[in-house]
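Visitor: Quick one: the structure is below, questions incoming.
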Amino acid sequence: MAEKLAINGGEKMIPDGFIKNWPPIDKIDEDFVLASLHQVNHAFGPNCVEFEKEFAQWNGNKFAITTNSGTAALHMAVAACDCGAGDEVIVPAYSWSSSATCVLHHNCIPVFVDIDFDTMNIDTKKIEAAITEKTKAIIVVHLHGLPVNMDEIYSIAKKYNLKVIEDCCQAHGAEFKGKKVGLFGDCAAFSFNQNKCLCSGEGGMFVTDNEDIYRKALMLWSFGETRTPVEKRDYHAYALGWMYRNNDLTAAFGRAQLRKLNSYLEIQKENARALTQELAGTKGVILPSEPENHQHNWYNYTIRLIPEEFGWKGNPAVFRNAVMKAIQAEGARISVWQSFILPRMTVFQAKNAYGKGCPWSCQYSREVSYNPEEFPVAQRHTDTHFGMTEPLRAPNGKDVAIMVGKAIKKVLNNIDALDIEKLGQG
Ligand SMILES: Cc1ncc(COP(=O)(O)O)c(C=O)c1O
């Protein structure tokens, strides 16, 4: 017998409060944060210094700089890789906005490359066609925590003498061929924003093994100065600098969470496995893949729908929106991660970041196309996906993952009970 969907007045599959919030807070967090509060340096203080050391050690990098966001760390990466006015940087057509706007922050031009549908990451086979004499770097985004094939990136980077910047904002602890992300590129950026696998509220980390790149990033990070706030400063701006430093309270929170990160990542992996098992063989869905040698951290478990398998021939996003609303009504905390591919975003369509068309109108820039039609794979992904973070995170266990799977199946088994046209708008 068909079950009545919650969106049609039936009983919710997942009761309120069953899915716990992220991140779990315990005495370790309280002790670190209170100790920071009761010491004297609340700006770039002792917890910032220790956080840099501990994160560098955790990831295996030589140098780390704590920042106030992942975006700040990405901008530092673009600058430290010597990208300047009119230089082009390759970016995937589907990511968080600042994976691409960080390029604009340094007067450079993002050039988009479509994604590979299976991995949702940049399609490495399409990168070479996007390279010009102005290309300086590739920003590799390990999207949703699935590492990009870094062997393929490296053979291209070597052939064209390009720098590689890893956007690891979602990929803490993910590995390619047994090596952690953030160790492959010339430098890398992590985010510690609320929703990330390591949460300090907001915040980020720039990492590199190259001292020259480290020094350049450091200068941009703190007012263009060459000395850090714990050294004897001369307060001289040697170059154009920003203020991307972190503060002590945030770093203290980050240090506390870092102590639990490995166990969080294990839980995420187990929960993702349980959800995959629960959904295996379900009609009309594509489950996320984890190709051999690519170890996912399961930051975001992303599912794509195949509307045609349910007889839907209209706009796939309308079908997805309707299904998603029905699953949300069952109490599963799922969402659309991005509704727009990057080239479709107004900042790129308008080509006017700094006014008067800059940086695209700069004499050093070349004409680039942001025609959304050139990125059909990213568009198909955007229109058909939904994903989740919290249900698979600690302190939630496999029981939660399985319940979410059941809620998804309940809706998919009762698609005929949904008014897709009506529900799918907006
Ligand atoms: C892939 C990716 N890159 C960059 C960022 C930016 O990180 P932050 O929000 O810390 O600036 C995010 C965060 O949402 C992200 O998901």
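Visitor: If a residue must be over 21 Å from residue 337 (Cβ atoms) and assigned to a helix (DSSP H, G or I), how many such residues does region 367-382 contain?
Guide: Qualifying residue count for the region: 2.
Visitor: Is it the case that region 329-336 has a residue that's of a type in the set (Gly, Ala, Ser), under 19 Å from the mean Cα position of the chain (by Cα) and within 23 Å of residue 120 (Cα to Cα)? Outline the logic, then answer.
Guide: We begin by selecting, within region 329-336, every residue of a type in the set (Gly, Ala, Ser); these are 329, 331-332, 335.
Now drop any that are not under 19 Å from the mean Cα position of the chain (by Cα), which leaves 335.
Next, from what is left, pick out any that are within 23 Å of residue 120 (Cα to Cα): 335.
Among the residues of region 329-336, at least one is of a type in the set (Gly, Ala, Ser), under 19 Å from the mean Cα position of the chain (by Cα) and within 23 Å of residue 120 (Cα to Cα), which makes the answer yes.
Visitor: Name every residue in region 179-199 that is touching a Gly at 6+ places or on another chain (Cβ under 9 Å) and more than 10 Å from the ligand (Cβ to nearest atom), in order of residue number.
Guide: To start, the set of residues in region 179-199 that are touching a Gly at 6+ places or on another chain (Cβ under 9 Å) comprises 179-183, 188-194, 196-199.
Residues satisfying the conditions are 179, 180, 181, 182, 183, 188, 197, 198, 199.
Visitor: Only residues in region 67-89 that are under 17 Å from residue 130 (Cβ atoms) count as the first member; pair them with residues that are away from the ligand (no atom under 14 Å from the Cβ) and aromatic (Phe, Trp, Tyr), Cβ under 6 angstrom, at least 6 apart or cross-chain, and list the lot.
Guide: As it stands, the answer is 86/364, since those pairs meet every condition given.
Visitor: With the condition kept exactly as written, say whether any residue in region 341-360 is touching a residue at least 12 places away in the same chain (Cβ under 8 Å), outside any loop (DSSP other than H, G, I, E, B) and surrounded by fewer than 17 Cβ atoms within 10 Å (Cβ to Cβ).
Guide: yes
Visitor: Taking residue 119, is it over 22 Å from residue 297 (Cα atoms) and part of a loop (DSSP other than H, G, I, E, B)? I'd like the intermediate steps shown before the answer.
Guide: Working: over 22 Å from residue 297 (Cα atoms): no; part of a loop (DSSP other than H, G, I, E, B): yes.
So residue 119 fails the test.
Visitor: Taking the condition in contact with a His (Cβ under 8 Å, 6 or more places away or on another chain), hydrophobic (A, V, I, L, M, F, W, C) and away from the ligand (no atom under 14 Å from the Cβ), does residue 117 pass? Spell out the reasoning first.
Guide: Values: in contact with a His (Cβ under 8 Å, 6 or more places away or on another chain): yes; hydrophobic (A, V, I, L, M, F, W, C): yes; away from the ligand (no atom under 14 Å from the Cβ): yes.
Here the answer is yes, as residue 117 does meet what is asked.
Visitor: Sticking with this structure for a sec: Restricting to helices (runs of 4 or more DSSP H) lying wholly in region 26-85: which have 3 or more residues that are of a type in the set (D, E, K, R)? Working first, answer last.
Guide: Working: elements: 27-37, 46-59, 70-80.
Ranges flagged: 27-37, 46-59.
Visitor: Pairs needed: first member in region 404-426, in a helix (DSSP H, G or I); second member anywhere, basic (Lys, Arg) and at pLDDT 95 or above; C-beta distance under 6 Å; at least 6 residues apart or different chains.
Guide: From residues that are in a helix (DSSP H, G or I), the pairs are 423/325.
Visitor: Here's a follow-up. Going through region 146-171 one residue at a time, which ones are within 10 Å of the ligand (Cβ to nearest atom) and not in a loop (DSSP other than H, G, I, E, B)? Give the steps one after another, and end with the answer.
Guide: Here is the first cut: in region 146-171, the residues within 10 Å of the ligand (Cβ to nearest atom) are 167-171.
Answer for region 146-171, where residues must be within 10 Å of the ligand (Cβ to nearest atom) and not in a loop (DSSP other than H, G, I, E, B): just 167.
Visitor: Shifting gears a bit: Scanning region 202-250 for residues that are surrounded by fewer than 18 Cβ atoms within 10 Å (Cβ to Cβ) and at positive phi, which turns out farthest from the ligand (Cβ to nearest atom)?
Guide: Out of the qualifying residues, it is 235.
Visitor: Tally up the residues in region 383-394 that are assigned to a loop (DSSP other than H, G, I, E, B) and in contact with a Ser or Thr (Cβ under 6 Å, 6 or more places away or on another chain), please. Explain how you work it out, then say what you get.
Guide: Narrowing region 383-394 to residues assigned to a loop (DSSP other than H, G, I, E, B): 389, 393-394.
Within this subset, residues satisfying the condition of being in contact with a Ser or Thr (Cβ under 6 Å, 6 or more places away or on another chain) are none.
Qualifying residue count, region 383-394: 0.
The values are calculated or read from the model by the stated rules, or taken from the named source; none is laboratory data. Note that the coordinates shown come from a computational prediction; the quantities given were computed from them, not determined experimentally. Positions of Cβ are generated from backbone atoms using ideal geometry, with glycine treated the same way; all protein chains shown enter the neighbour counts.
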